[in-house]
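> Take a look at the following structure, please.
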Amino acid sequence: MKKALLFLAFGLLMFFFYRSGILSFEQVEAIKAFVLSFGMYAPLIFIVLFTLAPLVFFPDGILALAGGLIFGFTIGSVYIIVGALCGGSLSFFLARWYGKKMHEKLSNEKLIHFHRSVQSHGFLMILLLRLVPLVPFNIISYSAGFSTIRYRDFFFATFLGMMPGVFVYANIGAKTLAFGTADFWMSIALMVLLVIVSMLLRGYVQKRVKRYETRELH
């Protein structure tokens with residue numbers, strides 16, 4: 001729900017900026033041009049930012065929107081995927097290498113505690129959780145690192161599971177400059193659909209976890 005509210009806030013902010021003239025079409029284009037002025041380094045800078053974002057729990061959704069805005073839907077999606085995989089891997093290995101120390105630093109975060117029964121189905125669990133963008137991306141990565149889930153399962157489940165969310169966010173970012181057009185509102189509709197599906201999947205994931213735990217007890 002936090003991500004849904006975050007996106008809504010982003011949309012309202014963009015609407016206010018456009019209507020008030022604080023942020024005009026020309027200004028947005030200027031920002032885009034500034035980032036792209038770094039030439040071949042622009043994608044690298046974006047990927048590095050995405051990789052380091054988990055260290056400060058910066059919302060990945062905002063970076064994904066920015067990727068679509070700056071690089072367009074197709075290329076932006078590629079850079080978002082690469083950056084998200086790098087950031088997720090960094091979180092995973094930090095949690096695995098530093099274990100207890102990292103866990104203490106993240107004590108205020110709502111970590112997911114993977115039980116042994118769930119760890120034996122690591123790929124499926126990570127895949128389902130990634131398909132639910134309402135669950136913070138970084139939290140899943142850190143939580144998986146604290147568990148015994150294999151990195152290979154984590155990596156490929158993350159790659160497949162985040163695809164729907166990446167495409168939706170990149171599409172919205174790419175359509176930002178077309179604010180108010182049919183394409184823009186179509187991207188908003190896709191976002192709403194993603195949120196609804198995510199909420200339905202969340203209940204399904206919880207049921208699967210409980211089912212695995214019940215089997216383990218018996």
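The values are calculated or read from the model by the stated rules, or taken from the named source; none is laboratory data. Worth saying up front: this structure is predicted, and the values here are computed from it rather than measured. Methodologically, a virtual Cβ is constructed for each residue, glycine included, from the backbone with ideal geometry; neighbour enumeration extends over all protein chains shown.
> Which numbered condition in (1) over 30 Å from L200 (Cβ atoms); (2) of a type in the set (A, V, I, L, M, F, W, C); (3) at pLDDT below 85 is the only one that F71 fails?
(3)
> Please go through the range 98-120 and give me each residue that is farther than 29 Å from M191 by Cα, assigned to a loop (DSSP other than H, G, I, E, B) and at pLDDT 65 or above, ordered by number.
Hits for the range 98-120 are L106, S120.
> Between a first residue in the range 125-152 that is under 17 Å from T51 (Cβ atoms) and a second residue that is of a type in the set (S, T, N, Q) and in a helix (DSSP H, G or I), which pairs have beta carbons less than 7 Å apart while being 6 or more apart in sequence or on different chains?
Correct list of pairs: N138/S91; S141/S91; Y142/S91; G145/S91.
> Hey, any hits in the range 54-68 for a residue that's part of a helix (DSSP H, G or I), over 30 Å from D153 (Cα atoms) and at pLDDT below 90? Walk me through how you get there before you give the answer.
Initially, the range 54-68 is screened for residues part of a helix (DSSP H, G or I), giving 54-56, 60-68.
Now restrict to residues that are over 30 Å from D153 (Cα atoms): none.
No, the range 54-68 has no match at all.
> Give K3, K32 a once-over and let me know the one that is on the phi < 0 side of the Ramachandran plot, at pLDDT below 55, surrounded by 16 or more Cβ atoms within 10 Å (Cβ to Cβ) and not aromatic (F, W, Y). Talk me through it step by step, then tell me what you get.
Numbers: K32 fails: at pLDDT below 55.
So the residue among K3, K32 that is on the phi < 0 side of the Ramachandran plot, at pLDDT below 55, surrounded by 16 or more Cβ atoms within 10 Å (Cβ to Cβ) and not aromatic (F, W, Y) is K3.
> Name the single residue that is surrounded by the most Cβ atoms within 10 Å (Cβ to Cβ) among those in the range 135-156 being over 21 Å from G76 (Cα atoms) and either aliphatic (A, V, I, L, M) or touching an Asp or Glu at 6+ places or on another chain (Cβ under 7 Å) (or both).
Only one residue tops the list, namely A144.
> Which of the residues spanning the range 162-189 are assigned to a helix (DSSP H, G or I) and among the charged types (D, E, K, R)?
Within the range 162-189, the first condition is being assigned to a helix (DSSP H, G or I), and the residues that meet it are 163-174, 176-178, 182-189.
Result: D183, single match.
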